[in-house]
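The structure appears right after this line, and notes come after that.
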Amino acid sequence: MQSLQSHFRRFRDVSSFRGAWSPRVELLADYLNIKGKHVDKIYCVDWGMAHQLAALCQLDIGRKIRDKWPTFKDWSAQKPDAQAAVKASFLPQVKALYLTFTEENSVFPDARRHFLQMNSLAGNAAQAVTVVPPALGEVYQVFESGTGATDESIRER
């Protein structure tokens with residue numbers, strides 16, 4: 001009985017989730033069903049989002065989702081291929097969204113930190129999207145690169 005109590009203790013309420021078990025993943029899928037129509041790729045920077053989103057999003061949006069957390073987690077500026085990894089992750093001709101958890105919700109903080117470092121080395125190719133639903137912004141951060149979706153296209157809908 002004590003084992004069961006300790007196992008379920010972390011599920012006290014919806015505000016006590018951790019990382020990939022976000023109750024707001026459905027909100028993110030709804031957001032991507034709109035915003036994702038205007039981009040070529042959707043990259044998941046942190047672990048635990050890609051498969052859920054691919055299943056919850058519309059089929060055409062789900063096909064754009066890529067699980068890139070291993071690339072970001074294992075990246076190091078000291079590796080000989082570091083610059084090549086930066087260039088491959090931020091292709092200027094690709095309109096992309098980069099999804100990550102907020103700093104306090106990140107599953108692999110190294111992946112998020114490396115993403116931000118790589119983005120800086122790429123000349124801040126991906127900019128933080130400032131217009132997101134408040135409940136979404138509490139858990140996720142969205143970055144946009146290229147000339148893809150605009151905040152205005154979201155407001156119009």
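The values are calculated or read from the model by the stated rules, or taken from the named source; none is laboratory data. The structure presented is a predicted model; accordingly, all values stated were derived computationally and were not measured. Every residue, glycine as well, gets a Cβ built from its backbone with ideal geometry; the counts of neighbours run over all protein chains shown. What goes into the accessible areas is simple: the full protein's heavy atoms, side chains included, and nothing from ligands, DNA or RNA. Shrake-Rupley method; radii C 1.70, N 1.55, O 1.52, S 1.80 Å.
What is the set of long-range amide H partners of I42 at a cut-off below 5 Å, with H atoms built 1.01 Å from backbone N?
The list, which skips near neighbours in sequence, is I65, R66, L97.
Would you kindly state how much longer the chain becomes between H51 and R113 on full extension, computed as 0.36 nm times their sequence separation minus their alpha carbon distance, in nm to one decimal?
Value of the extension gain: 20.1 nm.
So what is the relative contact order of segment 37-102, in percent, for Cα pairs below 8 Å that sit 6 or more residues apart?
49 percent
Per-residue accessible area for D74 at 1.4 Å probe radius, Å² rounded to 10?
Result for D74: roughly 90 Å² accessible.
Quick check: pseudo-label points 7 Å beyond the Cα along Cα→Cβ at S76 and D40, how many nm apart are they?
In this crude label model, S76 to D40 measures out at 3.1 nm.
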